[in-house]
2 protein chains.
Amino acid sequence: MRAAIFNGPGRIDLGERPDPVIQSPTDAIVRVTLACVCGSDLWYYRGLSPHDLGPIGHEFMGVVEEVGREVRGIAAGDLVVAPFTYSDGTCPICRAGVTSQCLHGGGFGNHGIDGGQGEAVRVPFAGATLVKVPGSGHSDETLRSVLALSDVMCTGHHAAVSGDVRAGSTVAVVGDGAVGLCAVIAAKRLGAARIIALSRNPARQALASGFGATDIVSERGEAADAAVLELTDGLGVDAALECVGTGESMATAFAIARAGSTVGAVGAPHDVRVPIESVIFRNIGLRGGVSPARAYIPDLLPDVLAGRIDPGRVFDYDTDLEHIADAYAAMDERRAVKSLVRMGAA
Amino acid sequence: MRAAIFNGPGRIDLGERPDPVIQSPTDAIVRVTLACVCGSDLWYYRGLSPHDLGPIGHEFMGVVEEVGREVRGIAAGDLVVAPFTYSDGTCPICRAGVTSQCLHGGGFGNHGIDGGQGEAVRVPFAGATLVKVPGSGHSDETLRSVLALSDVMCTGHHAAVSGDVRAGSTVAVVGDGAVGLCAVIAAKRLGAARIIALSRNPARQALASGFGATDIVSERGEAADAAVLELTDGLGVDAALECVGTGESMATAFAIARAGSTVGAVGAPHDVRVPIESVIFRNIGLRGGVSPARAYIPDLLPDVLAGRIDPGRVFDYDTDLEHIADAYAAMDERRAVKSLVRMGAA
């Protein structure tokens, strides 16, 4: 089969990989229809994080081609979306709802597991991992939003859930990448009364507003802190959602969080210091991490299928597997928020 | 009136202070019957934290002597317990349940506010701050446990609530001071199935076991981490309660916390680094801070009065106001877990 191959920093190529086969009775083979590039893929693309050479990509959806004999609930021909981590659904951590920390789980597109940016994927623990997409004849628009459930929408949702967003909350979203934009959607969906998006980019500001942001703050650093505090009568927000992962973004999240609130943080951390003084003396908690997407998809999928949320709008660059290198370059050069990759004919 | 006076590091003296008077219509004057010394009092006693010279102590109970004309729910003659911070009960933060962060609140025994270690205290926002203790003729044992609600019991409870202890949880308590011991009580009260107390001191181990600890780990540092992980099949605990505030204790709390759990932290931090990698890549949250004692006392007081919990057992040194300096020295020299101070005749 054809698949995107990581050949070192800056080198993403279309290559050949063995067609995946069932290795364990709990495996399924999924023929990929749509995949995408994650902001976190840029870390190894840029040489800033380690990654095995070989197949890549952890966000995909497709059609089940074959299932192992112990797979339940999923059958050949089913349209499915895959969360970006696979999980057995039965370990104590999965049972606690944190499927992203499954004791026997892992991520796609690294450490010998097929990547989503290829024509087919062997999915471990397929019955517990894959989520069947009901119905048929879905529009391209709907399918793009289903694809967003594989990671970004669930990650934005995890920020909002971790930050304890509820009906009537005032929320601030730090970060206007695809995850931050999905956090706006999630906050709106959870009933937030006011959503302040921190963004300097006009196109992303417009997307945030379209998703439900009520206020835009275009300042950065301490000026951003001051602007949010001014918008909230000096109190800060009920939920600050940290969707970047830098020291500055974390500092902003804590600075604009109301005393007694919880920062919901999902950005992969780089040079981040948690202000423990604020945790203790201002009672500001910190929660988040790798989204347990598998636990969230069943809640979010009906809203996507009914058109109540449309996270697929974060995809602003469309290409096919042949042009996978362009999909990365567009995001690396900030020409795209997020790149969608079509697999073409099976 | 007579009151304990801080005259600089190591210098606690019995002195004279003006009798407190009603200054605002929401004030009350409380004649103190029992007070105590907090572990946090030792920071300024030892010269390690700043503190105004003058009155001290933030934990007390007593009898209401006089109320301002706008005080509701509290009347002269009432037996009351004071949370260690006063709060107006009406600001947005109080309404969110975080009375310790009241926009108009503060602590007793510093910044011009009477200390609890004295014969009388002017209590701001008395109707919102003080909690009436129903009944009469309470035993000394019961009153000691009521006094513990002013801080340590509510602080231990805050660690347990912040760590999301629930029925069936496996809990570890890092720290065997009065707060850690109260965290054991709180975990047991919330239904924890297993409570691992980290303590090297035989007397404190015995208290912890009496309060409901099912396992004692006497190691420290990485050996303690390994011991707790071995007790929990390598998974870690559902709730790690950090009741010390040092870098080592926080590191231990994160090392023994189960992926996807939340560290409940109430120790005043000194040289603490929060491992952000664990927050993000192991989904371990961090919450806690200054206990909103006023919000918790109404829940805990009935259990104290019914004898279902007995946090007063943490007091292992009894003295009177005359010997207030001894009360500090006993704790400073680690001869006492916590010192109780009787006020004697009004």
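Hey, in the GNM for chain B with a 10 angstrom Cα cutoff, which one of B:116, B:191, B:106 fluctuates hardest?
B:191
How far, in nm to one decimal, is residue B:135 from itself in the other copies if the label point is set 7 angstrom along Cα toward Cβ? Shortest first, please.
Output for residue B:135: 6.0 nm, nearest copy listed first.
Can you list the copy-to-copy distances for residue A:77, using a point 7 angstrom from Cα toward Cβ, in nanometres, shortest first?
List, nearest first: 8.3 nm.
Give a residue-ordered list of calculated ³J(HN,Hα) values for segment A:68-81 (Karplus: 6.51 cos²θ - 1.76 cosθ + 1.60, θ = phi - 60°; whole Hz; x for Gly, Pro).
x, 6, 9, 7, 10, x, 9, 9, 3, x, 5, 7, 9, 10
What does the helix-only formula give at 222 nm for chain A: each DSSP H stretch with n ≥ 4 adding -39500 (n - 2.57), the total divided by the residues, and the result rounded to the nearest 500 deg cm²/dmol?
Numbers: 12 runs with 104 residues, N = 346.
Per the formula, -8500 deg cm²/dmol.
Taking 8 Å as the Cα distance limit and 6 or more residues as the minimum spacing, I'd like the relative contact order of chain B as a percentage. Don't jump to the answer; show the numbers that get you there.
On the way: 894 pairs, mean separation 64.0, N = 346.
Dividing the mean separation by the residue count of chain B yields 19 percent.
Please check: in the Gaussian network model of chain B (C-alpha springs, under 10 Å), which one of B:331, B:153, B:61 has the largest mean-square fluctuation.
B:331
Assigning unit charges at the beta carbon (Lys, Arg +1; Asp, Glu -1) and nothing else, what dipole magnitude in debye, to the nearest 20, does chain A show about its Cα centre? Please list the in-between numbers first.
Details: 29 positive and 40 negative charges, 125 e Å.
So the dipole magnitude of chain A works out to roughly 600 debye.
Cβ under 15 Å from residue A:27's Cβ, residue A:27 left aside: what net charge do those residues give with Lys, Arg +1 and Asp, Glu -1?
Numbers: positive: A:31, A:69, A:72, A:122; negative: A:19, A:65, A:66, A:70, A:78, A:88, A:114.
Result for the neighbourhood of residue A:27: -3.
Would you mind telling me the antiparallel percentage of the DSSP bridges in the protein assembly as shown, rounded to 5? Can you show the working numbers first?
Working: 63 of 111 bridges.
Taking every DSSP beta bridge with both residues in the protein assembly as shown, the antiparallel ones total about 55 percent.
Name the residue from B:115, B:85, B:138 whose Cα lies farthest towards the positive end of the charge dipole of segment B:80-174, charges +1 on Cβ of Lys and Arg and -1 on Cβ of Asp and Glu.
B:85
Enter the Cα centre distance for the pair segment B:196-211 and segment B:269-321, rounded to the nearest angstrom.
16 Å
Loop-only GluC sites (Glu not before Pro) in segment B:168-252, please: DSSP not H, G, I, E or B, and at most 16 other Cβ atoms within 10 Å. If you can, show how the numbers build up before the last one.
Numbers: sites: B:219, B:222, B:230, B:242, B:248; in loops: B:219.
The qualifying sites are B:219.
Measuring from a point 7 Å out along Cα→Cβ, what nm distances, shortest first, does residue A:318 have to its partners in the other copies?
Here residue A:318 shows inter-copy label distances of 8.2 nm.
What number comes out for the charge environment of residue A:341, summing +1 per Lys or Arg and -1 per Asp or Glu over other residues with Cβ under 12 Å away? Don't jump to the answer; show the numbers that get you there.
Details: positive: A:2, A:144, A:338, A:342; negative: A:41, A:59, A:119, A:318, A:320, A:322, A:326.
So the environment of residue A:341 carries a net charge of -3.
What residue of chain B has the nearest C-beta to the axis that moves B onto A, and what is that distance in Å, given as a whole number?
B:274, 2
With θ set to phi - 60° and the Karplus curve 6.51 cos²θ - 1.76 cosθ + 1.60, what are the ³J(HN,Hα) couplings of segment A:41-52 in order, to the nearest whole Hz, using x for Gly and Pro?
With coefficients 6.51, -1.76 and 1.60, one gets 5, 5, 4, 7, 4, 8, x, 9, 9, x, 7, 4 Hz.
Relative to the Cα centre, what is the charge dipole magnitude of segment A:153-288, using +1 at the beta carbon of each Lys and Arg, -1 at the beta carbon of each Asp and Glu, and rounding to the nearest 20 debye?
Working: 11 positive and 13 negative charges, 87 e Å.
Its charge dipole is roughly 420 debye.
So how tilted is helix B:152-162 from the main axis of chain B? Cα-based, degrees 0 to 90, rounded to 10.
In chain B, helix B:152-162 runs at an angle near 40 degrees to the longest axis.
I want the local charge near residue A:192. Using Cβ-Cβ distances under 12 Å, sum +1 for each Lys or Arg and -1 for each Asp or Glu among the other residues.
For residues surrounding residue A:192, the net value is +1.
All of the numbers you see were taken from the coordinates with simple rules; none came from a lab. The shown structure was predicted, so the numbers you read here are calculated from the model rather than taken from an experiment. When we count neighbours, we look across all protein chains shown, and the Cβ atoms used for this are built from the backbone with ideal geometry, even at glycine.
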